[in-house]
């Protein structure tokens with residue numbers, strides 16, 4: 001066997017090819033972080049992201065266990081698989097963090113977001129806004145002679161699509177809660 005054949009033949013069986021290959025493509029991940037409900041915890045978690053230049057696409061936090069004084073922080077972030085693994089590891093090292101769950105990889109999950117959208121318009125634009133709201137199952141929660149405030153609940157993509165359709169009809173203001181998410185099943 002020549003040196004070229006040995007090199008060519010052994011490359012597919014090399015120990016260097018056995019380690020998992022990480023992609024450089026960015027992925028969107030939803031993380032659920034269970035923390036002590038005490039002053040400064042959110043600042044520490046957010047500081048971890050800002051200090052390392054990681055972006056937070058969505059952030060929600062609320063107390064989920066009143067007797068145990070525990071809160072759940074739901075963070076949607078984007079990064080390469082290596083960055084996501086770093087984020088999870090660094091979150092897990094914060095003393096007040098009890099658990100870090102990556103809902104994106106742990107199995108099917110349900111994500112929902114609530115948004116309020118003010119749409120100003122007259123005539124046909126008002127009629128079209130109401131028609132689209134019906135299709136998207138958005139509710140009118142306030143109405144004046146020149147505007148509506150719609151409430152919509154759904155996936156972030158659904159909220160984005162509704163807002164995109166409302167822009168030409170007079171969308172003037174949007175308030176979003178951020179993603180709330182739970183893993184499906186037990």
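The figures follow:
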| quantity | calculated |
| --- | --- |
| Unmet criterion (only one of (1) assigned by TED's automatic domain parsing to the domain that holds residue 58; (2) surrounded by fewer than 15 Cβ atoms within 10 Å (Cβ to Cβ)) for residue 87 | (2) |
| The stretch 37-58, subset in contact (Cβ under 8 Å) with a residue 12 or more places away in the chain and loosely packed, with under 14 Cβ neighbours inside 10 Å, residue farthest from residue 177 (Cα to Cα) | 52 |
| Set 119, 61: member being crowded, with 17+ Cβ neighbours inside 10 Å, on the phi < 0 side of the Ramachandran plot, in contact (Cβ under 8 Å) with a residue 24 or more places away in the chain and not in a loop (DSSP other than H, G, I, E, B) | 119 |
| Positions within the stretch 140-151 being loosely packed, with under 14 Cβ neighbours inside 10 Å and either more than 19 Å from residue 123 (Cα to Cα) or in contact with a strand residue (DSSP E or B) (Cβ under 7 Å, 6 or more places away or on another chain) (or both), in sequence order | 141, 142, 146 |
| Failed condition for residue 172, given (1) in contact with a strand residue (DSSP E or B) (Cβ under 6 Å, 6 or more places away or on another chain); (2) surrounded by 14 or more Cβ atoms within 10 Å (Cβ to Cβ) | (2) |
| Residue identified as farther than 26 Å from residue 30 by Cα and not assigned by TED's automatic domain parsing to the domain that holds residue 59 among 177, 144, 153 | 144 |
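The values are calculated or read from the model by the stated rules, or taken from the named source; none is laboratory data. Computed from a prediction, not measured in an experiment: that's the story for all the values here. Please note: Cβ atoms are built from the backbone with ideal geometry, for glycine as well, and neighbour counts cover all protein chains shown.
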